[in-house]
Amino acid sequence: MDFPQKLKACWHPVGYSKEIGEQPFGTFLLDQAVVIWRGADGQAHAMRDLCIHRGTALSLGWVKDDCLVCPYHAWEYDKKGACVFIPQAPEAHIPEKAKTPTYHCVERYGLVWVALESPGYSLPEIPELEDADWKVVQTGPFDWKSDSSRQTENFTDFGHFPWVHPGLLGDPERPEVPKCKVEKKGAVLHYSIVRPEATNTDEFPVFANDDVVQPERRSVYRLHLPYTIVLRLGWGGEKGMVYFFVSQPISKNKCRGYCIIGRNYDKDEPDTVLQNFEQVIFDQDKRIVESQRPEQVPFDFAEELHLKFDAVAMNYRKAMKAEGLA
């Protein structure tokens with residue numbers, strides 16, 4: 001599968017900041033091998049995970065004197081991707097070809113982001129995740145054998161909650177999906193919904209609906225194309241929650257999801273409660289989504305059946321095509 005060219009101009013996550021330490025970190029983005037490493041100042045840098053000499057993965061090497069060192073012959077690459085030292089020929093002129101491409105790289109919200117080309121979209125603004133009054137918990141990451149479009153679209157699907165997540169996110173006795181109006185503003189889909197959910201369980205007391213017999217939640221979504229969702233939850237009071245989900249398109253039929261959660265209540269609760277809860281939820285989803293065929297979302301409406309409660313999926317597919325990201 002060839003990825004749309006415009007996806008290269010999007011910011012994509014490649015790892016939690018905590019995953020990139022003193023050692024280089026290798027991953028894949030849009031079928032391209034990428035290495036992330038930190039300079040002496042701690043700043044993250046991204047470049048192609050390839051030594052031009054013999055094609056070795058630079059991520060197997062190490063950092064020395066603010067350079068990334070190849071593990072095979074110890075050639076040293078600076079932050080601009082240029083080879084600056086060849087130990088086998090220290091006095092020789094270094095060829096112009098001795099370099100590897102570098103990529104745009106930033107850190108925000110506890111994630112390292114990479115764009116393979118000059119980014120055409122901005123990262124979403126989520127002030128709650130940078131507010132000391134909110135407790136922020138990182139969950140996952142979640143590696144699936146599916147396309148990022150499937151992983152993202154699953155996060156927007158309301159109809160599966162009672163059946164895939166009974167007792168945790170939905171109630172089989174209340175399966176109806178309320179009407180949902182979707183509005184596209186630029187490359188962002190805006191929509192909200194008030195829907196029934198299950199009561200908290202003793203094992204996972206994660207939502208602020210403890211005293212409600214048949215709880216409802218108001219969910220306000222911002223779906224930033226192509227694979228980023230900001231979800232704000234409320235139950236009619238001051239207690240609130242924000243879910244930040246983004247999928248890394250690793251390669252054909254392979255993705256990695258990151259889910260960061262902020263809330264302004266139960267701030268003393270151990271992080272493991274939310275982390276274990278999301279592991280259960282994502283594992284339940286993974287089994288279903290990995291069974292879907294084709295592995296990529298079919299952006300031609302004729303290939304699958306759509307009903308009114310599929311409004312978000314239909315608008316997502318339409319918007320991805322309009323933006324040249326499908």
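The values are calculated or read from the model by the stated rules, or taken from the named source; none is laboratory data. The shown structure was predicted, so the numbers you read here are calculated from the model rather than taken from an experiment. Glycine also receives a Cβ, built like all others from the backbone with ideal geometry; neighbour counts cover every protein chain displayed.
Considering region 72-93 alone, what residues qualify as being part of a loop (DSSP other than H, G, I, E, B), touching a residue at least 12 places away in the same chain (Cβ under 8 Å) and farther than 22 Å from L29 by Cα? Break it down into steps so the answer makes sense when it comes.
Step one: of region 72-93, the residues part of a loop (DSSP other than H, G, I, E, B) are 72-75, 78-81, 86-93.
With the extra rule that they be touching a residue at least 12 places away in the same chain (Cβ under 8 Å), the set shrinks to 72-75, 78-81, 86-88.
Those that are part of a loop (DSSP other than H, G, I, E, B), touching a residue at least 12 places away in the same chain (Cβ under 8 Å) and farther than 22 Å from L29 by Cα: Y72, H73, A74, W75, I86, P87, Q88.
What are the residues in region 181-204 that are at pLDDT below 90, in contact with a helix residue (DSSP H, G or I) (Cβ under 8 Å, 6 or more places away or on another chain) and not charged (D, E, K, R), if any? Across region 181-204, the qualifying residue is only F204. Within region 124-155, the residues that satisfy the criterion of being among the small types (G, A, S) and part of a helix (DSSP H, G or I) are S148, S149. Residues in region 59-77 include at least one that is more than 20 Å from I20 (Cα to Cα), modelled with pLDDT of 95 or more and surrounded by 19 or more Cβ atoms within 10 Å (Cβ to Cβ). The set of residues from region 213-222 being in a strand (DSSP E or B) and among the β-branched types (V, I, T) comprises just one member, V220.
Would a scan of region 148-161 turn up a residue that is outside the structural domain of I193 (by TED's automatic domain parsing) and free of Cβ contacts under 8 Å to residues at least 60 places away in the same chain? Explain how you work it out, then say what you get.
Initial filter on region 148-161 (outside the structural domain of I193 (by TED's automatic domain parsing)): none.
No, because not a single residue in region 148-161 is outside the structural domain of I193 (by TED's automatic domain parsing) and free of Cβ contacts under 8 Å to residues at least 60 places away in the same chain.
Only one residue in T156, T139 is at pLDDT below 95 and among the hydroxyl-bearing types (S, T, Y). Which one?
The conditions single out T156.
For region 286-313, taking the residues that are hydrophobic (A, V, I, L, M, F, W, C) and free of Cβ contacts under 8 Å to residues at least 24 places away in the same chain, the one that is farthest from L30 (Cα to Cα) is identified as L307. Being assigned to a loop (DSSP other than H, G, I, E, B) and either in the same structural domain as P294 (by TED's automatic domain parsing) or farther than 23 Å from E19 by Cα (or both) is a property that L189 lacks. Looking at Q32, Q5, just one residue is surrounded by fewer than 22 Cβ atoms within 10 Å (Cβ to Cβ), closer than 28 Å to V188 by Cα and touching a Lys or Arg at 6+ places or on another chain (Cβ under 9 Å), and that residue is Q32. Mind listing whichever residues of region 107-123 are of a type in the set (D, E, K, R) and assigned to a loop (DSSP other than H, G, I, E, B)? Within region 107-123, E117 is the sole residue that qualifies.
Is it fair to say K97 is in contact with a Gly (Cβ under 8 Å, 6 or more places away or on another chain) and either crowded, with 20+ Cβ neighbours inside 10 Å or not in a strand (DSSP E or B) (or both)? Judged against the criteria, K97 is not a match.
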